[in-house]
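All remarks here apply to the structure that follows.
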């Protein structure tokens, strides 16, 4: 492997640490939840991002050896050694290992407003499968090992350790950028604007005006940053918002969910939702 901390972490496998610390008087915006190192070899290892409860959290999982599978929205990807999976739950995805396969990995899960914000920005800029530098993997493994060894005895220390891992990831993805010339960084304000205003129209000309660019130049820059055209990104964010609302406390009607996700016509919303998630909004809610 060549990474000394990663080798120390692998030597403890299989290991899983659930970080359960008493809450302080102030809610912290970055907190670790679980971490560990495992080798999985059969189809019983399968996680569906729509069926993991209502609380939002993130998963950062690095493939050390073997391979795993990821269905992310409408794509199917293969996770190979050296690749790191980044996901936010709840969301339409599934990752698994096939029967007879072998997937060796370590992971860190986090929750908190800032953890979710930063991870979502990284997802938008770089996608769910990352190629990180060896030094980044070593530092992430070190964070995992320290959590497993139980060194953060207080919520503040646990939060600081998770934030260290979060910023290590951020620096790898964005730290070498060339300022405003890098499309990943220049489009982050637009991406955050979209997520904060999904009830609004959010047409491509309006988004281009918000970015201060011509429509054609904006569309090229946005596609380079998010890996898809702006209209498709907006639609996927609307579907993600709708799925999260439907998986919530169930008090909002389907029509209200449609409006909160930016759809005036509930029937059209239902058709689009079924195309994305493979079920009607009501059936999706009943299955969560």
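I'd like the residue in region 194-208 that is assigned to a helix (DSSP H, G or I) and in contact with a helix residue (DSSP H, G or I) (Cβ under 9 Å, 6 or more places away or on another chain) and, out of all such residues, is surrounded by the fewest Cβ atoms within 10 Å (Cβ to Cβ). Don't jump to the end; show me each part of the working.
Initially, region 194-208 is screened for residues assigned to a helix (DSSP H, G or I), giving 194-196, 204-208.
Remaining after also requiring in contact with a helix residue (DSSP H, G or I) (Cβ under 9 Å, 6 or more places away or on another chain): 194-195, 204-205, 207-208.
Working: 194: 23, 195: 16, 204: 15, 205: 10, 207: 24, 208: 20.
Result: 205.
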Revision key, fill the gap. Here the residues within region 209-223 that are in contact (Cβ under 8 Å) with a residue 12 or more places away in the chain and either part of a loop (DSSP other than H, G, I, E, B) or surrounded by 17 or more Cβ atoms within 10 Å (Cβ to Cβ) (or both) are 211, 218, 219, 221, 222
Check your understanding: So how many residues does region 255-277 have that are farther than 13 Å from residue 245 by Cβ and outside any helix (DSSP H, G or I)?
Key -> 2
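Counting just the residues of region 92-117 that are touching a helix residue (DSSP H, G or I) at 6+ places or on another chain (Cβ under 7 Å) and surrounded by 21 or more Cβ atoms within 10 Å (Cβ to Cβ), which one comes out modelled with the lowest pLDDT?
Keep residues of region 92-117 that are touching a helix residue (DSSP H, G or I) at 6+ places or on another chain (Cβ under 7 Å), which gives 92, 106, 108, 110, 115.
Add one more test, that the residue is surrounded by 21 or more Cβ atoms within 10 Å (Cβ to Cβ), and what stays is 106, 108, 110, 115.
On the way: 106: 98, 108: 98, 110: 97, 115: 94.
Looking at the filtered set, the residue picked out is 115.
Got a number for residues in region 63-111 being free of Cβ contacts under 8 Å to residues at least 40 places away in the same chain and either under 25 Å from residue 31 (Cβ atoms) or part of a loop (DSSP other than H, G, I, E, B) (or both)? Let's see the steps before the verdict.
First pass over region 63-111, keeping only residues free of Cβ contacts under 8 Å to residues at least 40 places away in the same chain: 65-69, 71, 75-76, 78, 80-81, 88.
Checking the rest, the ones that are also either under 25 Å from residue 31 (Cβ atoms) or part of a loop (DSSP other than H, G, I, E, B) (or both) come to 67, 80-81, 88.
The total comes to 4.
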Check your understanding: Quick check: anything in region 28-37 assigned to a loop (DSSP other than H, G, I, E, B) and more than 24 Å from the chain's Cα centre (by Cα)?
Key -> no
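If you check 76, 33, which single one turns out to be surrounded by 14 or more Cβ atoms within 10 Å (Cβ to Cβ) and in contact with a strand residue (DSSP E or B) (Cβ under 8 Å, 6 or more places away or on another chain)? First the steps, then the outcome.
On the way: 76 fails: surrounded by 14 or more Cβ atoms within 10 Å (Cβ to Cβ).
After ruling out the rest, the residue left standing is 33.
Look through region 264-279, keep the residues that are within 25 Å of residue 71 (Cβ to Cβ) and modelled with pLDDT of 90 or more, and return whichever of them is surrounded by the fewest Cβ atoms within 10 Å (Cβ to Cβ). Explain how you work it out, then say what you get.
Initial filter on region 264-279 (within 25 Å of residue 71 (Cβ to Cβ)): 269-279.
After this cut, where a residue has to be modelled with pLDDT of 90 or more as well, the list is 269-273.
Numbers: 269: 22, 270: 17, 271: 10, 272: 18, 273: 26.
In this case the residue turns out to be 271.
Results for (1) assigned by TED's automatic domain parsing to the domain that holds residue 221; (2) under 19 Å from the mean Cα position of the chain (by Cα); (3) at pLDDT below 90; (4) surrounded by 14 or more Cβ atoms within 10 Å (Cβ to Cβ), shown as yes or no for each residue.
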{"position": "135", "(1), (2), (3), (4)": "no, no, no, no"}
{"position": "142", "(1), (2), (3), (4)": "no, no, no, yes"}
{"position": "145", "(1), (2), (3), (4)": "no, no, no, yes"}
{"position": "157", "(1), (2), (3), (4)": "no, no, yes, no"}
{"position": "166", "(1), (2), (3), (4)": "no, yes, no, yes"}
{"position": "185", "(1), (2), (3), (4)": "yes, yes, yes, yes"}
{"position": "189", "(1), (2), (3), (4)": "yes, yes, yes, no"}
{"position": "192", "(1), (2), (3), (4)": "yes, yes, yes, yes"}
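The values are calculated or read from the model by the stated rules, or taken from the named source; none is laboratory data. Source: prediction; values computed, not measured. Here Cβ is always computed from backbone atoms with ideal geometry, including for glycine, and neighbour counts include all displayed protein chains.
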